[in-house]
Every structure is written in structure tokens, then in C-alpha cells.
1. Can you tell me which residue in segment 117-145 is modelled with the lowest pLDDT, limited to those that are within 14 Å of Leu306 (Cα to Cα) and of a type in the set (S, T, N, Q)?
2. For segment 71-89, what are the residues that are buried (at least 21 other Cβ atoms within 10 Å of the Cβ), modelled with pLDDT of 90 or more and in a strand (DSSP E or B)?
3. What about Leu103, is it on the phi < 0 side of the Ramachandran plot, buried (at least 23 other Cβ atoms within 10 Å of the Cβ) and not assigned by TED's automatic domain parsing to the domain that holds Met262?
4. If you check Ile95, Ile99, Ile63, which single one turns out to be over 13 Å from the mean Cα position of the chain (by Cα) and either in a loop (DSSP other than H, G, I, E, B) or closer than 19 Å to Asp147 by Cα (or both)?
5. Looking at (1) in contact with a helix residue (DSSP H, G or I) (Cβ under 9 Å, 6 or more places away or on another chain); (2) of a type outside the set (Phe, Trp, Tyr); (3) part of a helix (DSSP H, G or I); (4) at pLDDT below 90, which is the one condition that is false for Ala44?
6. Which of (1) surrounded by 15 or more Cβ atoms within 10 Å (Cβ to Cβ); (2) within 19 Å of Ile165 (Cβ to Cβ) does Val196 not meet, given it meets every other one?
7. Within segment 242-272, how many residues are in a loop (DSSP other than H, G, I, E, B) and in contact with a Ser or Thr (Cβ under 8 Å, 6 or more places away or on another chain)?
Amino acid sequence: MTPTTNLGRAGLISIAAGALLALAACTPSATPTTPTTAPSETAAPETSSGVLEEYRAMLPQEILDSGVITVGSPMSSPPLIYVENGQPTGMAYDISQEIAALLGVEAVWEDLAFPGVIPGLQAGNIDISMGVIGDTAARQEVLDFVDLFVNESALMTQKGNPHNISDLASACGLTLGTQTGSLQLVRMQAASEQCVADGRGPITINEYTSQADGQAAVQSERIVAYYAPFITMNHVARTAGDGTIFEMGTGRYPDNPFGIAMQKDRGTLAEAIQGALLELVQNGRYLEIMTEYGSEDGAITKDQVLINGAGTDAFPLD
């Protein structure tokens with residue numbers, strides 16, 4: 001499923017034969033912006049190689065000249081984007097391969113810690129980020145997003161749930177973990193404040209720079225549960241130790257969709273990616289990939305292939 005790749009300069013992975021993007025988490029959504037209308041459902045003209053010329057022509061000239069899109073993401077969030085046997089894989093990676101092929105480019109991936117993603121986009125060090133970065137109204141002030149996955153958050157505990165917690169309301173007085181800079185952190189802080197207002201103990205929050213560190217803390221009992229996107233934690237709970245190490249709480253919290261993020265000053269880059277993604281959704285390849293990773297619940301429909309759709313009717317938060 002994953003083509004052979006070669007490691008480039010330190011921290012970079014050159015993805016041969018086309019690829020695109022990756023990244024994760026969220027901040028709270030303010031008033032949502034109106035999404036751009038999706039491209040026409042009429043297929044764009046293709047060349048014999050399968051490239052969608054209409055959308056390829058929308059790429060910034062510097063990308064057309066180089067034939068490369070640079071991608072930044074923490075590659076530690078299976079099944080979205082992760083490294084296996086030294087190679088990147090995951091459903092965001094596979095979708096990026098398909099998008100890149102339709103646009104006639106290749107991609108260079110950088111394994112980038114999440115706090116460095118937005119600064120990296122703003123500085124022009126990377127072109128896009130994809131997989132685990134959330135589309136929010138606050139982020140739309142500086143970035144554009146092509147929405148990619150439906151997103152919810154949940155708690156992951158040890159198998160057997162020894163502290164009998166299912167959601168944040170049942171976690172007062174306990175120690176939980178989440179990823180630094182995430183929407184989940186903001187939501188957890190609000191839940192802790194509510195615990196105190198209700199006369200119960202606050203939630204002690206430990207922050208981690210990677211989900212792998214957070215799940216290790218759950219397994220070693222340093223924290224009671226890890227709060228993160230359901231799509232990633234459910235994969236971990238199902239696969240770690242053949243499902244014998246973790247389990248998911250029943251509480252699910254609607255969150256902003258995961259998106260493909262880019263700086264606002266990139267011309268029609270968002271429209272190019274939107275057009276290619278819509279083609280994948282309509283021809284069924286997108287859902288095939290989601291299903292391969294057991295994540296079809298996170299699949300978007302063609303009506304959700306939007307630019308900056310967070311908080312609209314397509315992605316309601318409550």
C-alpha cells in the first residue's frame with residue numbers, strides 16, 4: 001500500500017510518485033467563516049496520466065516549477081499518519097498519494113512537532129500540513145483549510161477502566177493527559193473549571209507533545225486517561241496488544257474537522273487540493289482508504305469537501 005521512499009536531509013522524507021500532507025489537533029472555534037462552494041461535480045479534464053489539468057493549473061507557480069509540495073506533520077498518530085518499518089503510512093498519507101497524482105506533483109514530508117506546524121506554514125518552510133490539524137475559525141484568520149475528516153474526541157483508559165470514567169464530567173479529581181496546543185486541552189481546562197464550580201476536585205492535566213507519549217502514560221498509570229481525537233485513539237485501543245491494553249470511554253465530543261492546512265497567501269492552492277479531493281470522494285477511492293484503516297466513521301461526504309467549513313452546517317460542533 002505504501003510505495004518505497006528514501007530519507008532525504010535530516011528530518012525530511014521524500015515521497016516518490018506523488019504525495020501530499022499531514023497533521024493534527026485543534027483550538028476552539030469562534031464564529032465560523034462561510035465555506036467556499038465546492039467545485040463542479042463534472043470531472044475536470046484529464047491527461048493520459050490521469051492528471052486533472054484544471055486543478056493542476058491552480059497550483060502556485062513555485063510548486064509547478066519544482067513539481068514538489070512540502071508537507072509538515074508529526075508522524076505519530078495512527079491510523080492518520082505514522083511511520084512503519086521506516087516508511088510513512090496511514091490514511092492521510094494514502095490520500096495524499098492520490099491527491100498528488102491527480103495534481104501531477106510529488107511531496108516532501110517533514111516529521112514536525114505539532115507546535116511547529118503553524119509557524120512552519122507561516123514562514124513558508126512547508127507548503128501544507130494534513131491529517132491531524134483541525135480547521136477552526138481562529139486558525140482561519142491565518143490559514144486556509146480543505147476539510148478532510150470528521151472529528152470527535154474521547155477518553156482512552158486502561159483496559160477494564162479501573163477508575164470507571166467515561167467522559168470529562170466523570171473525571172473530576174483525577175489526572176488526565178492530552179496533547180500540547182490542542183482543542184482537547186482547551187475543552188479539558190473548561191471541564192476542570194466546571195468540576196471546581198460544582199464543588200468537586202479539579203482535573204489535573206498533563207500535556208504531551210505526542211500521542212505516543214500520552215498513551216504510554218496511560219499504560220504506565222501515570223495518568224488515568226488520555227483525551228484525544230477518537231479516530232486515532234480508537235485505532236490504538238483496537239490494535240495495541242490485540243486490544244488487551246486500552247479501551248475507549250463512551251463519551252464522544254464533536255470537534256472541528258481535521259483539514260489540509262496552508263498559508264492564506266498561496267493563491268488557489270486550496271482550490272486545487274479541494275478539486276482533487278472531491279474527485280477522490282466521488283470516485284470512491286477516498287472511502288476505500290478510510291475503510292482499509294477501519295475509520296469509515298470519520299469519512300466526509302462530497303458536500304463536506306469544503307474550504308474553511310468548520311462550524312458551518314456541514315460540521316456542527318454540538
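1. Thr136
2. Gly72, Ser73, Ile81, Tyr82 - these are the residues of segment 71-89 that are buried (at least 21 other Cβ atoms within 10 Å of the Cβ), modelled with pLDDT of 90 or more and in a strand (DSSP E or B).
3. No: the conditions fail for Leu103.
4. Sole residue among the options that is over 13 Å from the mean Cα position of the chain (by Cα) and either in a loop (DSSP other than H, G, I, E, B) or closer than 19 Å to Asp147 by Cα (or both): Ile99.
5. Of the numbered conditions (1) in contact with a helix residue (DSSP H, G or I) (Cβ under 9 Å, 6 or more places away or on another chain); (2) of a type outside the set (Phe, Trp, Tyr); (3) part of a helix (DSSP H, G or I); (4) at pLDDT below 90, the odd one out for Ala44 is (3).
6. Exception for Val196: condition (1).
7. 6
Yes/no matrix, rows are residues, columns are (1) in contact (Cβ under 8 Å) with a residue 12 or more places away in the chain; (2) farther than 21 Å from Ala299 by Cβ:
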position: Asp127; (1), (2): yes, yes
position: Ile133; (1), (2): yes, no
position: Leu143; (1), (2): yes, yes
position: Leu148; (1), (2): yes, no
position: Asn164; (1), (2): no, yes
position: Gly177; (1), (2): yes, yes
position: Leu183; (1), (2): yes, no
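The values are calculated or read from the model by the stated rules, or taken from the named source; none is laboratory data. Small disclaimer: the values here were computed from a predicted structure and weren't measured. Quick reminder, even Gly has a Cβ in these numbers, built from the backbone with ideal geometry, and neighbours come from all protein chains shown.
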